[in-house]
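*Asks:* Sharing a structure here in structure tokens format.
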Amino acid sequence: MSSAGLFIKSYIESLKGRALTVSYTKTVEAILRCFAGFWGRRDIMRLCRDDLYAFATWLRGRFTQTGHLFKPVTVKQYTLAVAQFAGWLFRHGHLAVNPADGFELARPDRSTPRAIPTRDEMEAILDAIPTQRESALFELMYSSGLRISEALSVELADVKLEERILLVRQGKGKKDRYVPFSAMARLGLIRYLQNDRKAHMAGVPDEERKYLFVQSSGRLNSRYTGKRWRDAIQQAELGNRGFTVHSIRHACATHLLENGADIRYVQELLGHESLSTTQRYTTVSCDKIKAVYRTYHPRENEQYVDVDAEYLDQLAKLEAELVASRENTRQKLQRRSNTACRIGNLALH
């Protein structure tokens, strides 16, 4: 093992002794393995600030496991993780100068909006999933705004089907929270628990049987889940829209805000520490409002025109269509809820 590998191993052991989540530690370990590939067999005690910038440049030309170039935000996350490792080396006397001092990457460009599925696109994707396990998982994530790590950490004891409430254990910031889930998510969970989960239980280690979503080797993992999500997008014939598994969480927040949900409710649901984090989701909603404003507001047009009868008729039609659409959605959800209740009663008896 190279000198870098030995020090990385010691650093990871030091992280395990702190109050950090297992997923965080595993992520750091994977990043540092990537760095070790870049560093090779050079002496780690020669690490300097320029090497951190060189690592960032190296990352920008590489591809992820899914075949995509590293995004600027990912490059920054990787490089900062290595900078923290360099700081640890300095504090333990392995480096004469701290490479992390004065190190700073330019803030990633966030001018490109997130790829967020519309309500119709989310419905198309969810309807295209053929398996009960993945259908229940993605439906639950969409209904409750869960991160993939949170969804895969849900235990059977954490789910209250009748109350439609689940406990999210050790979310970001190591905080527990209760979140509701939809009638559709409940229906999907009942189907999965009654049928599909039993088929996956063979071979699951005893310590992993407590988890809600399992595969034959144990708890379902995020890499496999990501592949099934991409398969569902292809099945829905949506092409390459840039939707990731995390887009499900973005969609949940955005669609709630578009439908008039209070931003503080969305903040609580998603487990955001700061309201400013949640406010980023309002950008998409505001953009849609602006588009409507520019289209219909007479003062926004280049030439002012008084509102005429035709405009008012069009506005009335749009309002009627909106009311009808909402009523149709309400009836659809009511029918699904009734179906879920019937299945739930059968399951209990």
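The values are calculated or read from the model by the stated rules, or taken from the named source; none is laboratory data. Quick caveat, the model's predicted, so the values are computed rather than measured. In this analysis, Cβ positions are derived from the backbone assuming ideal geometry, glycine residues included, and neighbour counts consider all displayed protein chains.
*Asks:* So the check is Cβ under 6 Å with 6+ separation or different chains; which pairs have a first residue in segment 245-269 that's of a type outside the set (D, E) and a second one that's surrounded by fewer than 19 Cβ atoms within 10 Å (Cβ to Cβ) and assigned to a helix (DSSP H, G or I)?
*Replies:* V245/G226; H255/R119; L257/T282; L257/S285; Q267/L275
*Asks:* Is it true that some residue in segment 168-179 is in contact with a Phe, Trp or Tyr (Cβ under 8 Å, 6 or more places away or on another chain), among the β-branched types (V, I, T) and in the same structural domain as T254 (by TED's automatic domain parsing)? Lay out the reasoning, then the answer.
*Replies:* Here is the first cut: in segment 168-179, the residues in contact with a Phe, Trp or Tyr (Cβ under 8 Å, 6 or more places away or on another chain) are 168.
With the extra rule that they be among the β-branched types (V, I, T), the set shrinks to 168.
With in the same structural domain as T254 (by TED's automatic domain parsing) added as a condition, the list becomes 168.
Within segment 168-179 (the criterion being in contact with a Phe, Trp or Tyr (Cβ under 8 Å, 6 or more places away or on another chain), among the β-branched types (V, I, T) and in the same structural domain as T254 (by TED's automatic domain parsing)), the answer is yes, since at least one residue qualifies.
Residue-by-condition table, conditions (1) in a helix (DSSP H, G or I); (2) at pLDDT below 75; (3) surrounded by 10 or more Cβ atoms within 10 Å (Cβ to Cβ):
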residue	(1), (2), (3)
R299	yes, yes, no
Y304	no, yes, no
D313	yes, yes, yes
A320	yes, no, yes
N328	yes, no, yes
K332	yes, no, yes
N338	yes, yes, yes
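*Asks:* Identify the residue in segment 52-88 that is closer than 18 Å to F38 by Cα and either aromatic (F, W, Y) or not assigned by TED's automatic domain parsing to the domain that holds T27 (or both) and, among all such residues, is modelled with the lowest pLDDT.
*Replies:* F63
*Asks:* Only helices (runs of 4 or more DSSP H) wholly contained in segment 1-99 count here; list those with 2 or more residues that are exposed (fewer than 12 other Cβ atoms within 10 Å of the Cβ), on the phi < 0 side of the Ramachandran plot and among the charged types (D, E, K, R). Lay out the reasoning, then the answer.
*Replies:* On the way: elements: 3-16, 22-39, 49-60, 72-91.
It comes to 3-16.
*Asks:* Taking segment 104-123 as the region of interest, how many residues are out of contact with any helix residue (DSSP H, G or I) (no Cβ under 9 Å at 6 or more places or on another chain) and modelled with pLDDT of 90 or more?
*Replies:* Residues of segment 104-123 out of contact with any helix residue (DSSP H, G or I) (no Cβ under 9 Å at 6 or more places or on another chain): 104, 111-112, 120, 123.
Filter once more, so that each one left must be modelled with pLDDT of 90 or more: 120, 123.
The qualifying residues number 2.
*Asks:* In addition: State whether the residues of segment 226-235 include one that is touching a helix residue (DSSP H, G or I) at 6+ places or on another chain (Cβ under 6 Å) and not hydrophobic (A, V, I, L, M, F, W, C).
*Replies:* Among the residues of segment 226-235, at least one is touching a helix residue (DSSP H, G or I) at 6+ places or on another chain (Cβ under 6 Å) and not hydrophobic (A, V, I, L, M, F, W, C), which makes the answer yes.
*Asks:* Is there a residue in segment 230-247 that is assigned to a helix (DSSP H, G or I) and under 17 Å from G271 (Cα atoms)?
*Replies:* Taking segment 230-247 and keeping what is assigned to a helix (DSSP H, G or I), we get 230-235, 246-247.
Okay, now just the ones that are also under 17 Å from G271 (Cα atoms), so 246-247.
Yes, because at least one residue in segment 230-247 is assigned to a helix (DSSP H, G or I) and under 17 Å from G271 (Cα atoms).
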